[in-house]
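A.B. asks: This is the structure I want to talk about, given as structure tokens.
The values are calculated or read from the model by the stated rules, or taken from the named source; none is laboratory data. This is a predicted model, so every value here is computed, not measured. Cβ placement follows ideal geometry from the backbone for every residue including glycine, while neighbour counts extend to all protein chains displayed.
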Amino acid sequence: MATRLRPANKKCTVIGGCGFLGQYMVERLLDKGYTVNVFDIRQGFQDERVQFFIGDLCSKKDLLPALQGVNVVFHCASPDPFSDNKELFYRVNYTGTRTVIESCKEAGVQKFVLTSSASVIFEGKDIKNGSEDFPYAKHPMDYYTESKILQEKEVLSTNDPENNFLTVAIRPHGIFGPRDPRLVYVLVETAKSGKMKCMIGNGKNLVDFTYVENVVHGHILAAEHLHKDSPLCGKAYHITNDEPIPFWTFLSRILIGLNYEEPKYHIPYWLAYYLALFVSLLVFIISPFIKINPTFTPMKVALAGTYHYYSCEKAKKDMGYKPVVSLDQALERTIQSHSHLRKNS
């Protein structure tokens, strides 16, 4: 198996390093003795140990200064997955990533670790213990997934050991944890508005939720095991907590932990899905006149009502991955970190 990076090669750049995942990545890399550059569209935090580069990842001129003397690039920048901006997804996730790859090659970067997504093989049908051998979704359910498929294909196809440019893609699923700007806040706001009384389906569908520190651990392991003779070259790897849990049980544990009521009633999955399709059709019909970004979409219904959990066996075998934080610990930390949102009894 690969040896760890020598100290002389422990200079890296985190693209999207001011985001939720990116900031955790930066902190862990610093803990492990890396010299860290951060490239992002804006500076989201202060750290005197980090050199920040602000710019547009679609601009080679902006990127190149952040890549000088760098051995490893972690690319975890992406628009909000729940946005409906097709043009933005393609510009950032596809054409932007092509520019990042070209810039890395020009700067002499040797290793490229992409934050992909397990959704690249999901098209609204049950996935149980899905492996990396599953084909890409032929009918992706949203623009985010479409663009991530194109992005991952581009990154993996540019793996080129002969020219010392090695690539790997990490596919996390359901990232959560303290400082998450979305999940818990949306849950609490939905509960406050009285819209969290019903669950979609029978509530038994198992799903992967992955603690952010485990996702970071998977990325760094991938970088440290990526070398010319490594099985990681040009491959994708699922990284999860390896503890699938019923979707509605996970949400309920957060709600109960913050003194809100869990969902008690059931809406049949088929009914919710067709209602979401109907809403999507209406939005499409009126879109020339009124712009609406619906919160009730077929993709969200599918995520809430189907099985979608993934095997980490390949990551265990090829890079010695195992979660560093259990799901129980992760939930406890996440709930405690959002104690300011707790409902007064």
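A.B. asks: From the list Val283, Val301, Val324, which residue is β-branched (Val, Ile, Thr) and free of Cβ contacts under 8 Å to residues at least 60 places away in the same chain? Spell out the reasoning first.
C.D. replies: Working: Val301 fails: free of Cβ contacts under 8 Å to residues at least 60 places away in the same chain; Val324 fails: free of Cβ contacts under 8 Å to residues at least 60 places away in the same chain.
Only one candidate qualifies: Val283.
A.B. asks: Just name the residue that is surrounded by the fewest Cβ atoms within 10 Å (Cβ to Cβ) out of those in segment 230-258 that are farther than 11 Å from Ile170 by Cα and aliphatic (A, V, I, L, M).
C.D. replies: Residue satisfying both the conditions and the ranking: Ile256.
A.B. asks: Could you check segment 241-345 for helices (runs of 4 or more DSSP H) lying wholly inside it with 2 or more residues that are under 19 Å from the mean Cα position of the chain (by Cα) and at pLDDT 95 or above? Spell out how you get there, then give the answer.
C.D. replies: Values: elements: 247-257, 269-286, 298-305, 313-319, 327-337.
Here the list reads 247-257, 313-319, 327-337.
A.B. asks: What are the residue pairs meeting all of these: first residue in segment 125-136, first residue without any contact (Cβ under 8 Å) to a residue 60 or more places away in the chain, second residue outside any strand (DSSP E or B) and of a type in the set (Lys, Arg), Cβ atoms under 8 Å, and 6 or more apart or on different chains?
C.D. replies: Cβ pairs passing all conditions: Tyr136/Lys153.
A.B. asks: Then there's this: Hey, among the residues in segment 192-229 that are of a type in the set (S, T, N, Q) and buried (at least 20 other Cβ atoms within 10 Å of the Cβ), which one's nearest to Val72 (Cα to Cα)? It would help to see each step written out before you state the result.
C.D. replies: Within segment 192-229, the first condition is being of a type in the set (S, T, N, Q), and the residues that meet it are 193, 202, 205, 210, 214.
Right, trim to buried (at least 20 other Cβ atoms within 10 Å of the Cβ) and you get 205, 210, 214.
Details: Asn205: 38, Thr210: 24, Asn214: 19 Å.
Per the stated criteria, the residue is Asn214.
A.B. asks: Pick from Glu87, Glu27, Glu102: which is outside any loop (DSSP other than H, G, I, E, B), within 22 Å of Gly174 (Cα to Cα) and among the acidic types (Asp, Glu)? Walk me through how you get there before you give the answer.
C.D. replies: Details: Glu87 fails: within 22 Å of Gly174 (Cα to Cα); Glu102 fails: within 22 Å of Gly174 (Cα to Cα).
Among Glu87, Glu27, Glu102, only Glu27 is outside any loop (DSSP other than H, G, I, E, B), within 22 Å of Gly174 (Cα to Cα) and among the acidic types (Asp, Glu).
A.B. asks: Within segment 190-231, work out how many residues are farther than 23 Å from Glu332 by Cα and hydrophobic (A, V, I, L, M, F, W, C).
C.D. replies: So the answer is 7.
A.B. asks: Additional query: Residues to consider are Gly22, Gly69; find the one that is assigned to a loop (DSSP other than H, G, I, E, B), modelled with pLDDT of 95 or more and either in contact with a strand residue (DSSP E or B) (Cβ under 8 Å, 6 or more places away or on another chain) or not small (Gly, Ala, Ser) (or both). Steps first, please.
C.D. replies: Numbers: Gly22 fails: assigned to a loop (DSSP other than H, G, I, E, B).
The unique qualifying residue is Gly69.
A.B. asks: Sticking with this one: So how many residues does segment 282-341 have that are of a type in the set (S, T, N, Q), over 30 Å from Tyr260 (Cα atoms) and surrounded by fewer than 13 Cβ atoms within 10 Å (Cβ to Cβ)?
C.D. replies: Step one: list which residues in segment 282-341 are of a type in the set (S, T, N, Q), which gives 287, 293, 295, 297, 306, 311, 326, 329, 334, 336-337, 339.
Of the ones still in play, those that are also over 30 Å from Tyr260 (Cα atoms) are 287, 311.
Checking the rest, the ones that are also surrounded by fewer than 13 Cβ atoms within 10 Å (Cβ to Cβ) come to 287.
Selection size over segment 282-341: 1.
A.B. asks: Another question, then. For the condition hydroxyl-bearing (Ser, Thr, Tyr) and either at pLDDT below 95 or closer than 17 Å to Gly19 by Cα (or both), what is the one hit in Thr95, Thr99, Thr115? Before the answer, list the steps.
C.D. replies: Details: Thr95 fails: either at pLDDT below 95 or closer than 17 Å to Gly19 by Cα (or both); Thr99 fails: either at pLDDT below 95 or closer than 17 Å to Gly19 by Cα (or both).
None of the other options fit; the residue is Thr115.
A.B. asks: Now for a separate question. Taking interchain pairs and intrachain pairs at least six residues apart, which have beta carbon atoms under 9 angstrom, with the first residue in segment 19-45 and touching a residue at least 24 places away in the same chain (Cβ under 8 Å) and on the phi > 0 side of the Ramachandran plot and the second assigned to a helix (DSSP H, G or I) and not β-branched (Val, Ile, Thr)?
C.D. replies: Listed pairs, sorted by first residue: Gly33/Pro7.
A.B. asks: Take the residues in segment 234-256 that are in contact (Cβ under 8 Å) with a residue 60 or more places away in the chain and of a type in the set (Val, Ile, Thr); name whichever of them is nearest to Gln329 (Cα to Cα).
C.D. replies: If we take residues in segment 234-256 being in contact (Cβ under 8 Å) with a residue 60 or more places away in the chain and of a type in the set (Val, Ile, Thr), then Ile254 is nearest to Gln329 (Cα to Cα).
A.B. asks: Given (1) at pLDDT 95 or above; (2) farther than 17 Å from Leu226 by Cβ, where does Cys104 come up short, assuming only one miss?
C.D. replies: The single condition Cys104 does not satisfy is (2).
To keep it simple, each residue is scored yes or no on (1) assigned to a loop (DSSP other than H, G, I, E, B); (2) crowded, with 23+ Cβ neighbours inside 10 Å; (3) under 17 Å from the mean Cα position of the chain (by Cα).
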| residue | (1), (2), (3) |
| --- | --- |
| Asp47 | yes, no, no |
| Pro79 | yes, no, yes |
| Ser83 | yes, no, yes |
| Glu106 | no, no, no |
| Val113 | no, yes, yes |
| Lys125 | yes, no, no |
| Glu132 | yes, no, yes |
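A.B. asks: Taking the condition modelled with pLDDT of 95 or more and crowded, with 21+ Cβ neighbours inside 10 Å, does Phe52 pass?
C.D. replies: Working: modelled with pLDDT of 95 or more: yes; crowded, with 21+ Cβ neighbours inside 10 Å: no.
Here the answer is no, as Phe52 does not meet what is asked.
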